[in-house]
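Derivation of every value follows stated rules applied to the coordinates shown; laboratory data play no part. This structure is a prediction, so every number in the text was calculated from the model and none was measured.
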Amino acid sequence: MALKQLPLGNQFFAEIRAEDLFYVDKTEYIYNLLKNSKNNYFLSRPRRFGTTLLLTTIEELFSGNRKPFEGLWIDSSDYAFPKRPVIYLSLSMEADTPKILCNNILFKLREIAAEENLAIAGDSPGAYFIGLINALYDKYKVKSGFNPEVAILIDNYDAPVTRNMDNLAVAKANNKILQDFFATLKDEDVAPCIRFTLVTGVTRYGLPSMDSGLNHLNDISLEPEYNGICGFSADDFDALFADRMEEVLPELIKTGWLEPSATQQDLKAEILRWYNGYNWGGETRMLNPISILNFFQRRHFEKYWIHTGRPAHLTPLIKEKPEDFFEPGLKSCLSRELRNSELEGLQVAPFLFHTGYLTLAKTTLVKKINPLTNEEESDISYSFKLPNYEVSSDYNLDWLEVIFNIGLSHVFSDRRVLLEKAILARDVKTVEDIFTSFFSAVTSIQRPNDEKAFHSLLRMSLFGMRFYDQSELLGTIGGFDICFELRKQILVIIELKYSQDLFKLKPKDEERILANLAAKKFLEEERDNIFAKLSKNKLDIRKTYRIVSEGRENNLSEAEINKLLIQAAKALPRADIEQALAIEARYKFSEEEIDKASREANPDLDIAQKALDSLLSKDYHGQLKRMGREIINLGLGVYDYGSEVKAAFGPK
């Protein structure tokens with residue numbers, strides 16, 4: 001049986017069903033919305049995630065035409081398919097000036113009025129909107145077979161604002177127009193005429209009226225039961241794409257995307273790595289719909305959503321707040337911050353979450369005492385992560401281009417070749433030079449000030465060179481920061497430490513380490529000589545003279561006198577003893593012995609080796625043994641705000 005064609009470029013439910021195109025059933029979610037006592041909703045989702053298809057499905061549902069829904073979930077439910085008037089309005093329109101925005105809203109509303117043969121008075125979008133709602137209600141109140149209460153469906157509500165974020169004056173002016181327009185939905189004369197409202201958009205930044213004029217809307221954006229209202233779940237994927245997987249697999253093997261021995265499970269894992277991972281509060285993670293459809297249509301991996309869903313003002317925001325982009329997954333915010341709708345002072349984490357660059361990692365209930373009321377208050381803290389490879393690769397490349405101020409293609413390509421050769425040749429100096437070239441390109445204002453930021457900086461540099469971090473794959477092992485594959489035969493493990501004193505110990509720490517080394521390694525006779533010398537150098541002349549002179553007067557031997565000097569030395573302050581031992585140790589032991597003692601005294605310096613040992617001994621995923629990889633342990637220490645990199649190679 002031939003597979004249904006994919007509805008690429010078509011987001012209109014009626015057309016998709018009439019042409020028998022591929023469709024993922026979302027009618028159970030819609031049924032739950034309609035049966036809920038709260039009938040006014042707001043839903044935030046990134047661009048190209050299916051909100052238009054959702055709204056056109058609801059629009060068709062209210063037409064009362066049951067035929068397009070045959071075979072879908074709602075067809076076998078108790079839903080009666082009542083007819084009601086609908087106002088469907090997309091605000092994805094030209095809005096370069098407030099006047100253009102007003103004219104375009106009026107044009108769309110007048111089109112609806114003309115289709116319904118209604119004459120509406122009003123020169124402003126808000127006044128015309130009120131007149132249209134009332135006129136539709138009056139028209140269908142006397143029409144047989146109709147429920148006259150109007151359904152309001154508004155898509156891309158924030159587009160006139162978010163598309164003008166590079167011109168804040170226009171964005172604010174458009175925002176004021178939209179605020180007045182949406183305030184009509186709460187007008188006392190209009191509210192009784194409305195049965196159902198669903199407003200969709202990307203961010204909450206574009207419309208302060210969400211907290212004023214539209215505060216009657218029930219925000220379901222992060223409600224767990226509506227997590228899957230847009231996009232494809234893993235269950236959807238297994239049920240609907242199995243046949244397509246069977247067709248695509250041989251082609252991807254033939255073109256070299258997958259190994260010759262790859263199975264459908266391997267293909268599924270790669271698809272999930274590229275396009276899965278989104279979450280808006282539910283238990284499951286969702287696949288990006290536009291990317292999945294394009295992948296099966298074009299039959300190769302590509303960053304499909306990024307090419308069409310990327311927010312235009314991402315690059316200016318990176319330039320404005322580069323430090324906030326070092327490690328987005330480390331960011332978190334409270335629910336009130338996530339709902340913030342101010343146009344100025346955008347917070348990076350909420351912006352990236354709403355636009356699809358971040359997704360929810362976890363939610364935590366936070367309780368604290370309000371200092372003004374002295375009462376306990378609760379809020380939800382949201383933490384985020386990059387959802388998948390499609391997003392993380394583009395995010396990192398965007399950030400790299402801004403932060404390093406370099407052209408990406410040839411620079412990263414050249415440095416990849418050099419780094420690969422250096423690792424294979426154990427060329428520490430070249431490895432150091434390559435990473436130093438990246439870190440030194442970061443301006444003093446943008447430089448990170450902690451280990452996590454350097455970790456992010458290094459990961460992004462590796463992304464730019466197309467070395468893909470596998471810490472997710474081997475993350476349960478723990479103990480190391482980054483690992484990546486080199487030529488599919490070698491696993492490179494990187495341990496990153498940020499410390500200005502990592503390789504240069506403080507004098508007191510160095511003396512202590514050397515003293516301990518001397519205490520362990522020196523023979524008893526050597527230690528005694530050091531203590532005797534210490535007495536002569538550190539004890540004041542009177543005490544030393546008394547020990548020596550009284551010893552001779554009592555006919556003590558030189559050995560017995562030395563014994564008294566040694567006993568006296570041990571009573572000196574510990575710092576004096578350690579200093580004396582350290583001085584002798586420095587002359588006695590080689591640099592290798594001293595370095596080994598330093599690492600034994602400071603486990604952080606040797607953590608990469610421990611991570612490697614753990615990896616080899618546990619090998620939780622069976623990846624290393626199965627692939628027969630050679631292991632290289634690459635330990636990196638970065639300090640002094642990125643001006644230097646130290647590299648050391650471990651065993652093969």
If the limit is 32 Å between Cα atoms, which of Lys67/Lys99; Lys254/Lys421; Lys99/Lys362; Lys303/Lys368; Lys108/Lys143; Lys319/Lys368 go over it? Lys67/Lys99; Lys99/Lys362; Lys303/Lys368; Lys319/Lys368
Taking amide H atoms as placed 1.01 Å from N in the peptide plane, list the residues 5 or more away in sequence, or in a different chain, whose amide H sits under 5 Å from that of Val86. Ala151
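For segment 13-226, what is the relative contact order in percent, using Cα pairs closer than 8 Å and at least 6 residues apart in sequence?
Details: 329 pairs, mean separation 60.1, N = 214.
Once normalised by length, the contact order is 28 percent.
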